[in-house]
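K.L.:
A single structure is presented below for examination.
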Amino acid sequence: MVRQFTLVAITCSLLACGVEGRGVGGHSNSVNTLPAASASTVAPQAVESQLIDPIAQNAVGNGSSAYQSAGSGSTTLRSSALQKVSLRQLPANVNMCAGAITHTESVAIPAVAKPPFRKFYRDPAFGSTVIRITDSREGEVRKPPYSTMQAWNADESYLLLYKGGRGDGYHVIYDGHQYQPIQQLDIIPSDLEEVWWSHTDPDKFFYLSGFHRDIGTFKQYSVSAKRSTVIADFSQYCGKRGEPTGGGDVHMQSHDDDLFGFRCQRDDNKYIMLSYRVSTGEVKTQLLGDGTEWHNWSAPMATPSGKRFWLQGDVLASDMKTIERKMDMAKASEHSSLGRTHDGQDALFQVVFDPSPGGCNGDAHKGVGHLVEHNLETGGCRPIISETQGYPYTTSSTHASAVSYLRPGWVAMSSIGRKDQFDYFKNNRKAPALLSEIYLANTDPDNPVTCRLAHHRSYGKSADRGGYHSYFGEPHATISPSGTRIIFGSDWYDSGAVDSYVIELPGYQRP
């Protein structure tokens, strides 16, 4: 089993490209048409894809060109030569939603043909400029691994993508700014999502080996050296056949890269959870599953501070014995993402469909919403995007990404919707807010804003074409460490293939 290379598409900044369909720099717009519809594709009355061949400006910076025409009608990115950017020196007060659409009104989803490879297009509903830079064939998938896992490395010079579908699956590293493939990885992780970029070292990531000869080993990979090093062996705890994994609810490690949480099934068929501290090599274990308070489907996940674990609705102390608090949530298994609040506290940002047992601190809708902040240090519950703020009831197949650890409190979101709602792709009627959308929230209560960035037009699990597992069509929008970019995948009206796209936000600085 190998990993394939996935992809990414990019958009010029909202400030540079404008919103509400305004043109950029006097460049003309052209019109694209969808291919003839099959039983599985959309047949809209009109298709308007505003193709752009811009020299786009950075939203924040010296105004130098981020893109240029390649001469043959295509649009390419200027070489960055993998220059490093000190992300920790970026302005802290940049509004990533500057110039974007922030209302809660219903909008139509204009029919747009699948964008040409490496050509910019402007989202006709929200004005963001997007470019597809993968070119998947029928049955192929190229996308970010998952919304809770970093796609970019610590300084965003590298981007990790997954290629699946037709043929073998494997991971590929790309130039983090130019989106060109650099290295196909010869690794076999325990699961495709379970590749943990370091928060502190741009050259390395961690993974649990899924290779039969290395089962039980935890490895560190150097991108520059192109090789892995074993840093721990859990076979003495899990047995020779017990493969440790991040479980069914995987999240990033602590922000200092020191604390990880896993689970495995021992040779006696009992499940255990493990914590591993890199700095000391200390391993702690506790039983999981039968005879305990927790099911065996997930592992304890280290919080950003490294002081506690998140496990199935409970906040555990670092000893994995002491329950610090039980969170006010109906279902701990709903999609969520570990991150930090705007002021740096450990938090779980959750998608919620059912009322909180305790009422979510007196919320009128009892904590139901597209995005709810659960403060793991105080036990507080606070709706961010919900009916309380004027949005519809939570859209099905919604995911959150709170991994912008250099800009805490910003959370990227993607929502798909039900298959019966896909009629909005072709009926010219206004669709409910957030249906088939990529959007972004600043969760700071003193500066709250949610901006709507693009329609992804992906069928997700409702897709029929291509022969790949339809799960791979879910967008799984993932925010970058600096919070200045968002990557997402799309099957684009069940086209039979999945490609990836990137949105560049105000504050992004290309080297």
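K.L.:
Within the stretch 244-253, does at least one residue satisfy the condition of being more than 18 Å from H199 (Cα to Cα), among the acidic types (D, E) and surrounded by 15 or more Cβ atoms within 10 Å (Cβ to Cβ)?
P.N.:
Yes, the stretch 244-253 contains at least one residue that is more than 18 Å from H199 (Cα to Cα), among the acidic types (D, E) and surrounded by 15 or more Cβ atoms within 10 Å (Cβ to Cβ).
K.L.:
Assuming G139 fulfils every condition listed in (1) closer than 25 Å to V449 by Cα; (2) surrounded by fewer than 24 Cβ atoms within 10 Å (Cβ to Cβ) apart from one, which condition is it?
P.N.:
(1)
K.L.:
Something else: Among Y237, Y271, Y276, which is more than 28 Å from L160 (Cα to Cα), free of Cβ contacts under 8 Å to residues at least 60 places away in the same chain and crowded, with 20+ Cβ neighbours inside 10 Å?
P.N.:
After ruling out the rest, the residue left standing is Y271.
K.L.:
Among the residues of the stretch 452-465, is there at least one that is aromatic (F, W, Y) and more than 14 Å from S415 (Cα to Cα)?
P.N.:
no
K.L.:
Would you mention how many residues in the stretch 464-488 are in contact (Cβ under 8 Å) with a residue 40 or more places away in the chain and farther than 17 Å from T395 by Cβ?
P.N.:
Final tally of qualifying residues: 17.
K.L.:
Next up: Do the conditions hold for Y162, that is, is it crowded, with 21+ Cβ neighbours inside 10 Å and part of a loop (DSSP other than H, G, I, E, B)?
P.N.:
It is false that Y162 is crowded, with 21+ Cβ neighbours inside 10 Å and part of a loop (DSSP other than H, G, I, E, B).
K.L.:
Report the residue count in the stretch 369-387 for those that are closer than 26 Å to R325 by Cα and not in a loop (DSSP other than H, G, I, E, B).
P.N.:
Final tally of qualifying residues: 12.
K.L.:
Filter the stretch 412-467 down to the residues that are charged (D, E, K, R), under 20 Å from the mean Cα position of the chain (by Cα) and assigned to a strand (DSSP E or B) and list them by number.
P.N.:
If the condition is that a residue be charged (D, E, K, R), under 20 Å from the mean Cα position of the chain (by Cα) and assigned to a strand (DSSP E or B), then E437, R452 are the ones that fit.
K.L.:
May I pose another question? Does K419 fit the bill of being charged (D, E, K, R), more than 22 Å from P115 (Cβ to Cβ) and surrounded by fewer than 22 Cβ atoms within 10 Å (Cβ to Cβ)?
P.N.:
Criteria met by K419.
K.L.:
I need the full set of residues from the stretch 109-157 which are farther than 19 Å from P189 by Cβ, basic (K, R) and either assigned to a loop (DSSP other than H, G, I, E, B) or at pLDDT 90 or above (or both), in order please.
P.N.:
K114, R118, K119, R137, listed by residue number.
K.L.:
Are any of the residues in the stretch 197-213 more than 21 Å from V278 (Cα to Cα) and of a type in the set (F, W, Y)?
P.N.:
Scanning the stretch 197-213, I find at least one residue that is more than 21 Å from V278 (Cα to Cα) and of a type in the set (F, W, Y), so the answer is yes.
K.L.:
Now a separate question. Name the single residue, out of those in the stretch 346-374 being of a type in the set (S, T, N, Q) and either more than 24 Å from the chain's Cα centre (by Cα) or surrounded by fewer than 19 Cβ atoms within 10 Å (Cβ to Cβ) (or both), that is farthest from T148 (Cα to Cα).
P.N.:
N361
K.L.:
Is there any pair with a first residue in the stretch 177-202 that is assigned to a loop (DSSP other than H, G, I, E, B) and a second that is at pLDDT below 95 and small (G, A, S) whose Cβ atoms are under 6 Å apart and which are 6 or more apart or on different chains, and what are they?
P.N.:
H177/S80; Q178/S80; I188/G210; S190/G210
K.L.:
Of everything in the stretch 287-306, what is without any contact (Cβ under 8 Å) to a residue 40 or more places away in the chain, buried (at least 21 other Cβ atoms within 10 Å of the Cβ) and outside any loop (DSSP other than H, G, I, E, B)? Give them in sequence order.
P.N.:
Hit for the stretch 287-306 is L288, nothing else.
K.L.:
Do we find a residue being closer than 21 Å to L192 by Cβ, modelled with pLDDT of 95 or more and among the charged types (D, E, K, R) anywhere in the stretch 473-486?
P.N.:
yes
The values are calculated or read from the model by the stated rules, or taken from the named source; none is laboratory data. As the structure is a computational prediction, the values presented were derived from the model and not from experiment. Using ideal geometry, Cβ is built from the backbone for each residue, glycine included, and neighbour counts are taken over all protein chains shown.
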